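The values are calculated or read from the model by the stated rules, or taken from the named source; none is laboratory data. Computed from a predicted model, the values in this text were never measured in an experiment. Using ideal geometry, Cβ is built from the backbone for each residue, glycine included, and neighbour counts are taken over all protein chains shown. Calculation scope for accessible area: heavy atoms of the full protein, side chains included, ligands and nucleic acids excluded. Shrake-Rupley method; radii C 1.70, N 1.55, O 1.52, S 1.80 Å.
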Amino acid sequence: MVETPALVISSIKYGDSSLITTCFTKSFGLKSYLLKGILKSKKSKLRKGLFQSFNLIFLISNHRKKEGLNFINEARINIPINTIHRSIFKSSVVMFLSEVLKNVLNEEKEKNEELYDFLESIIIWFDSNNFNPNFHLKFLIDLTKYMGFYPNTSNYDYSYFDLNNGSFSNKFNSENLILGDDLKAFRSLLMLNLDQIEILNLNNKTRKNLLNQIMTYYCIHLQYFNPPKSIKVLNDVFNEKR
């Protein structure tokens, strides 16, 4: 048996009574588990509420399989999450970011404690603070530090940010450039920490543009990345919040 803290990325129904849950574990990287009969059995030691996206749990598993589905013997809350699942705005962001993470972490089959600690700390911040509509943008930018393509902040004052090479540029020689008001917002997101992003007063158009550009950035630098389908839901929710 092995024990590890884990971040629940997603859970999907399997058959009539089971779930398949995908977790990013601190000790073993990305793992998927079959939770057999959890939806119907009253005798199950596992509660389905533990396996909501972005829950921070502690699990005990056999981990007999390097690939495919494993089984969880025991699980409990590691760090309580109090607000994320009660807010339509926060839960919409979680739905989107969990889809991003499932895609991005697909290659993280080995232990990566630094990445796990980043994800744990940023989720705790998100849960502990009032909803901020710029959070998902900051999350996506900071995540690239651990994926190997964080923007090069040299030449910060140049006129464009070139998504193709991940650096600021004065040359208008690419279709994939951030410029104008979008660039001002992008610069701010790079420089501000989480506690400062509330001072950013972005309109929905700029926020939507930046999200699309960051998704393009991910597509350019991660060959296996596909933009999440839930991006439309996220944009619709933010439109309602205006």
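Taking only the stretch 201-228 into account, find how many residues are open to solvent by 30 Å² or more (accessible area, probe 1.4 Å), closer than 21 Å to F89 by Cα and touching a helix residue (DSSP H, G or I) at 6+ places or on another chain (Cβ under 7 Å).
Residues meeting the conditions: 4.
Could you list, in sequence order, all residues of the stretch 181-190 that are open to solvent by 70 Å² or more (accessible area, probe 1.4 Å) and either outside any helix (DSSP H, G or I) or touching a residue at least 24 places away in the same chain (Cβ under 8 Å) (or both)?
Here is the first cut: in the stretch 181-190, the residues open to solvent by 70 Å² or more (accessible area, probe 1.4 Å) are 181, 184.
The one that is open to solvent by 70 Å² or more (accessible area, probe 1.4 Å) and either outside any helix (DSSP H, G or I) or touching a residue at least 24 places away in the same chain (Cβ under 8 Å) (or both): D181.
If you check every pair at least six apart or on different chains, which have Cβ atoms under 8 Å apart with a residue in the stretch 200-223 that is in contact (Cβ under 8 Å) with a residue 12 or more places away in the chain first and a residue that is open to solvent by 50 Å² or more (accessible area, probe 1.4 Å) and assigned to a helix (DSSP H, G or I) second?
N204/N239; T206/D181
Keeping to the stretch 1-50, report how many residues are under 16 Å from V94 (Cβ atoms), surrounded by fewer than 17 Cβ atoms within 10 Å (Cβ to Cβ) and in contact with a strand residue (DSSP E or B) (Cβ under 7 Å, 6 or more places away or on another chain).
Total meeting the criteria: 1.
Can you name every residue in the stretch 1-46 that is under 26 Å from F118 (Cβ atoms) and among the basic types (K, R)?
Applying the first criterion (under 26 Å from F118 (Cβ atoms)) to the stretch 1-46 yields 2-12, 20-33.
Once the filter is applied, which keeps residues that are under 26 Å from F118 (Cβ atoms) and among the basic types (K, R), the stretch 1-46 yields K26, K31.
Quickly run through the stretch 51-71 and pick out the residues that are surrounded by 14 or more Cβ atoms within 10 Å (Cβ to Cβ) and under 18 Å from K102 (Cβ atoms).
Matches in the stretch 51-71: F51, Q52, S53, F54, N55, L56, I57, L59, L69, N70.
Which of the residues spanning the stretch 152-170 are within 22 Å of the chain's Cα centre (by Cα) and either in contact (Cβ under 8 Å) with a residue 60 or more places away in the chain or in a strand (DSSP E or B) (or both)?
Within the stretch 152-170, N152 is the sole residue that qualifies.
If we keep just the residues of the stretch 217-231 that are under 16 Å from the mean Cα position of the chain (by Cα) and part of a helix (DSSP H, G or I), which is nearest to K184 (Cα to Cα)?
It comes out as Y217.
If I ask for residues that are open to solvent by 50 Å² or more (accessible area, probe 1.4 Å) and in a loop (DSSP other than H, G, I, E, B), which ones from the stretch 191-200 would you list?
Residue satisfying the conditions is N193 alone.
Of the numbered conditions (1) within 23 Å of N203 (Cα to Cα); (2) without any contact (Cβ under 8 Å) to a residue 40 or more places away in the chain; (3) not aromatic (F, W, Y), K138 satisfies every one except a single condition; which is it?
Only one criterion in (1) within 23 Å of N203 (Cα to Cα); (2) without any contact (Cβ under 8 Å) to a residue 40 or more places away in the chain; (3) not aromatic (F, W, Y) is unmet by K138, namely (2).
Got at least one residue in the stretch 173-180 being of a type outside the set (S, T, N, Q), outside any helix (DSSP H, G or I) and open to solvent by 30 Å² or more (accessible area, probe 1.4 Å)?
Taking every residue of the stretch 173-180 in turn, at least one turns out to be of a type outside the set (S, T, N, Q), outside any helix (DSSP H, G or I) and open to solvent by 30 Å² or more (accessible area, probe 1.4 Å).
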